[in-house]
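The values are calculated or read from the model by the stated rules, or taken from the named source; none is laboratory data. Keep in mind that what you see is a predicted model, and the values were worked out from it rather than measured. We place every Cβ from the backbone using ideal geometry, glycine too, and count neighbours over all the protein chains shown.
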Ligand code: MGP
Ligand code: SAH
């Protein structure tokens, strides 16, 4: 029976033009909402040692961001800096899906030690994990699920692409990228211009986009998060577009194969990868993913196909089989899972999650659905097929429980 879990990730973009949400002064909550530690605990008292840097304003932001990477926090030793200079310490068992509560084992407080306590995130002034700030840290690399045949196939593939590259670079230089398309010429597209630094933080260094690229590209912070989750040896970006994901994969994966049906858009992706200094780590392949898939072997295939334009959002529910502009979303998934044990699917926020879960069940594949929020706005849903973790620990079971209900079925 496949494992199905639902999670959400809340990311903030520091470079974008949308401001971060205002930093709340947590002090007012401190007095009227003490940590839910033991029911009969005496009120908080001060400990003697004053907290070290950083300053509280930064600290609040760092704490919130650290918590948004809660998957990584379970099992960490934690030092919680509460109000009125109180320190508590223990081991993080789990952070709930809404990131409002932290479950701590062996919580040592000035009042005593508690085997398992729940602390409200809003009551923690700042949080130190494993003795150091850990903000947006990479998730631990997943052990490669590799057998000898797969390793051979990957080596053969690498040789194949190297040969292709050599042949094409000696014959013709890669096509040069078309000029950038300015979305301010269409009222409905202007919002993407406003978001330009959220899409590519180095937009000002010469990033180029076409019309479809503007509304399809994965915002950089989200693409970086996905790239961490997909950290592996060989990743295929099956629908590379203008390179938003491929560029981030180049920072976390040994080898990136970026495919796109549109030669001009692929040239934009290569150009943008040059802006980021990672073009030499990506194989750009012009072609149809469905036709190429039988020849591909990888650890992860990332899928971000067209969703039929920005109008996808007008539908009550997005059907992966009928609304992908002529592509069959299930066939795309099957092609990916034939090429790799793991497939990561970037899907619209209104996707029929039950349908996605049914597709996972049909191929007996573990599934994690992750709602992706950026600056408080839900951008997309990630469906991770495969991505098996190691043995589940007690803390993870707790986290599972805290994540809330599983998808239907
Ligand atoms: P959006 O709904 O067009 O933008 O796309 P936004 O800013 O959320 O709109 P708002 O008016 O609701 O605020 C949201 C995200 O979906 C974009 O950042 C893209 O990453 C992604 N996206 C949108 N489209 C239309 C596509 C698509 O066709 N294919 C892929 N792969 N991603 C898309
Ligand atoms: N993730 C990308 C955006 C992808 S948009 C980014 O961050 O930039 C979807 C892309 O899929 C488009 O560029 C489109 O040209 C491409 N595409 C559509 N059908 C395809 C197919 N059959 N094979 C490969 N690419 C395809």
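Looking across segment 310-327 at every residue that is within 17 Å of residue 290 (Cβ to Cβ) and surrounded by fewer than 15 Cβ atoms within 10 Å (Cβ to Cβ), the one that is nearest to ligand 1 (Cβ to nearest atom) is identified as 325.
Does residue 356 meet the test of being modelled with pLDDT of 95 or more, within 15 Å of ligand 2 (Cβ to nearest atom) and not in a loop (DSSP other than H, G, I, E, B)? Taking the combined requirement at face value, the residue does not satisfy it. When only residues in segment 1-18 that are under 15 Å from the mean Cα position of the chain (by Cα) and not in a strand (DSSP E or B) count, which is modelled with the lowest pLDDT? Filtering first and then ranking leaves 13. Could you check segment 188-296 for helices (runs of 4 or more DSSP H) lying wholly inside it with 2 or more residues that are without any contact (Cβ under 8 Å) to a residue 60 or more places away in the chain and in the same structural domain as residue 343 (by TED's automatic domain parsing)? The helices (runs of 4 or more DSSP H) meeting that bar are 190-194, 211-216, 220-229, 244-252, 263-275, 289-292. If you take the residues in segment 335-357 that are surrounded by 15 or more Cβ atoms within 10 Å (Cβ to Cβ) and out of contact with any strand residue (DSSP E or B) (no Cβ under 7 Å at 6 or more places or on another chain), which one is farthest from residue 294 (Cα to Cα)? The extreme case among them is 355. Scanning segment 340-379 for residues that are on the phi > 0 side of the Ramachandran plot and within 20 Å of the chain's Cα centre (by Cα) yields 375, 376.
Residue-by-condition table, conditions (1) near ligand 2 (Cβ under 8 Å from one of its atoms); (2) within 23 Å of the chain's Cα centre (by Cα); (3) at positive phi:
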site: 243; (1), (2), (3): yes, yes, yes
site: 250; (1), (2), (3): no, yes, no
site: 259; (1), (2), (3): yes, yes, no
site: 273; (1), (2), (3): no, yes, no
site: 278; (1), (2), (3): no, yes, no
site: 282; (1), (2), (3): no, yes, no
site: 285; (1), (2), (3): no, no, no
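Would you confirm whether any residue within segment 358-366 is over 26 Å from residue 11 (Cα atoms), surrounded by 23 or more Cβ atoms within 10 Å (Cβ to Cβ) and either within 16 Å of ligand 1 (Cβ to nearest atom) or free of Cβ contacts under 8 Å to residues at least 24 places away in the same chain (or both)? No.
Among residues of segment 306-327 that are outside the structural domain of residue 380 (by TED's automatic domain parsing) and modelled with pLDDT of 95 or more, none has a beta-carbon under 8 Å from a residue that is part of a loop (DSSP other than H, G, I, E, B) and away from ligand 2 (no atom under 12 Å from the Cβ) at least six positions away or on a different chain. Only one of the listed residues (268, 292, 337) is at negative phi and either within 16 Å of ligand 1 (Cβ to nearest atom) or touching a helix residue (DSSP H, G or I) at 6+ places or on another chain (Cβ under 6 Å) (or both). That residue is 268.
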